[in-house]
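I have placed the structure first, in the form of structure tokens, so that the comments after it can refer back to it.
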Amino acid sequence: MRILHLIHDYLPRHAAGSEIYTAHLAAAQRAAGHEVAVFTCEEHRAAPQWSLREREHEGVRIFEAVYNRIYHDLVAHWDDPRMAEVLARVLDQWRPDLVHVQGLQFVGGVSALRAVAGRGVPLVMTLHEYWLLCPRAGLMYDLTGRACETATPADCARCVDIYPIDRQRWSDARHGGEATSGAQPDAADAADKPASGRFAELGNRRWFARALGQREVDLEAVRHLVGRFIAPSRFLLERFVAAGWPREKFVHADYGFPALDAPAWRARAVLRGAGPLRAGFVGTPSDYKGVEVFARAVARLPAGTPLRATIHGHLEWFPEVGGRLRELAARTPALVLAGPFETARRDEVLGALDLLVVPSLWWENSPLTIHEAWQRGIPVLASERGGMAELLAQGGGATFPPGDESALAALLARAAAEPTLLASWRAGIPAVRPIESDVELVDTLARELRAAG
């Protein structure tokens, strides 16, 4: 079977969870005898937008469209016919038997799905986050630091009003307001003119709310175009069902992972040796990942606590967060800012930890880092929220209230002082699903969709 993965960006330049998982799955599918390729996009300012390049990564053919973030209206985030035209050329050239969507933003969105479905190719989509519900990268976490229970155009406008918007397309005259006498009905709203029409109470954000209202309408098509959705956590699945998505189209299956080359990871010592407890954060040092909660918890620990805390990640990606972390590290001897690392060093970085901390504030789905730690016999402390709470309910660590640095500090202090506690967490680590199970699941879904016509 020929399988084309569709994802917003890809390795090696981008190495977040969905990209890493897609690479794992692609490798496993190739090992099972499938032909696999990836359609993605990348910024190349010296090349024309929507031009197409080809490259290879770890034996997988990569069709890489140029997307330089050049657009004039927010709609391009979820519906970009020009990018869909590029994808259509790849579909006609490579002729996949299945398209597996790992991400839709920047790679054509709804128009991309229409291009696939119009050629009779079945569609499966793995939901790595809540992008189909939330326009802020699918986080369901707003700029004020609130984990959102629901996503509405009025609320979400606060998170997207920094993007380009076509004020003429979303003008008052076109959306229920009164046109000024003598003005063209599609004229852009004047700055000194009182707002009117739908969402007038939002002032300048009304244009964004109107666009997001259209987003809800446009993304309604996704439920019909995609044959089956894979939800790695039950929490995420139930969020979509609560938002009106058809339960019968969903299958719950946690992420699979390739077996480690060194199974001796599971034979880590029951009691840690001499020296401080080595706790670490591995990921994106952003507001929604809660990395500052970890840093402040470490700063709260009494002097002399036998603990060394390490934060791995690009501090430059979120400069304000990075600046605050540097300030905390400067006055907290136990806190080390280790920076980013190459993917090839992942074993080394994780292997240097006794305890992984996942303090996310957003509704995490099923964090890859938790599974990666468990594979290596490393217990986890995580926020009691979303898919994190679901995973830790099986064992393998403990949870604390989201954002509660005092509770996290107490857990860290106990782990540092009580080696048997760490050993009990380690003993409770559940098995991690093998990536081969994901290959079999996708094969089964593809056969069902082909049979259904």
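Structural remarks
- For the range 8-76, the set of trypsin sites (Lys or Arg not before Pro) satisfying both a DSSP loop assignment and a count of at most 16 other C-beta atoms within 10 Å is given as Arg13, Arg45, Arg69.
- Nitroxide proxy distance, nm - points 7 Å out along Cα→Cβ at Lys193 and Leu421: 6.4
- For the range 322-429: rounded, prolate or oblate by the Cα gyration tensor [a/c cutoff 1.5]: rounded
- Distance between modelled label sites at His14 and Val241, nm, 7 Å Cα→Cβ extension: 3.1
- In the chain, the DSSP-assigned H stretches of four residues or longer account for a calculated mean residue ellipticity at 222 nm of -10500 deg cm²/dmol, using -39500 (n - 2.57) per stretch and the full residue count as denominator.
- From least to most packed, judged by other beta carbons within 10 angstrom and beginning with the fewest, His24, His314 follow the order His314, His24.
- In the range 224-363, one over the average inverse separation of all distinct C-alpha pairs is 17.8 Å, which is the Kirkwood hydrodynamic radius.
- Nonlocal amide H pairs with Phe250, under 5 Å, H built at 1.01 Å: Phe229
- Under-5 Å amide H pairs with Val336, H placed in peptide plane, nonlocal only: Ala309, Thr310, Ile311
- Relative contact order, percent, the chain [alpha-carbon distance under 8 Å, six or more residues apart]: 13
- Taking 0.36 nm per residue of separation and subtracting the current Cα-Cα distance, fully stretching the chain between Asp155 and Ala431 would add 95.4 nm.
- Once the Cβ-Cβ distance of Arg55 and Val217 is raised to the sixth power relative to R0 = 41 Å, the FRET efficiency obtained is 0.70.
- On the beta carbon distance between Asp261 and Glu440, with R0 = 25 Å, the FRET formula returns roughly 0.65.
- Ile162, Ile230, Ile62 arranged by Cβ crowding within 10 Å, fewest neighbours leading: Ile162, Ile62, Ile230
- The GluC sites (Glu not before Pro) of the range 1-103 that DSSP puts in a loop, and whose beta carbon has at most 11 other beta carbons within 10 Å, are Glu58.
- Cα gyration tensor shape for the chain, rounded if a/c is under 1.5, else prolate or oblate: oblate
- Sequentially through the range 111-116, phi angles give Karplus couplings (6.51, -1.76, 1.60; θ = phi - 60°) of 5, 5, 5, 5, 5, 5 Hz, Gly and Pro residues having no value and appearing as x.
- Of the residues Leu421, Gln168, Gly377, the one whose Cα sits farthest towards the positive end of the charge dipole of the chain is Leu421 (charges of +1 on Lys and Arg Cβ, -1 on Asp and Glu Cβ, taken about the Cα centre).
- For the range 27-35, backbone phi angles converted through the Karplus equation (6.51, -1.76, 1.60; θ = phi - 60°) give residue-by-residue couplings of 5, 5, 5, 5, 5, 7, x, 7, 8 Hz, Gly and Pro being listed as x.
- For a label point 7 Å along the Cα-to-beta-carbon line of Gln394, residues of the range 345-383 with backbone N under 17 Å: 356, 358, 364-383
All of the numbers you see were taken from the coordinates with simple rules; none came from a lab. What you see is a predicted model, and the numbers here were worked out from it, not measured in a lab. Reconstructed Cβ throughout: ideal geometry from the backbone, glycine too, with neighbour counts over all protein chains shown.
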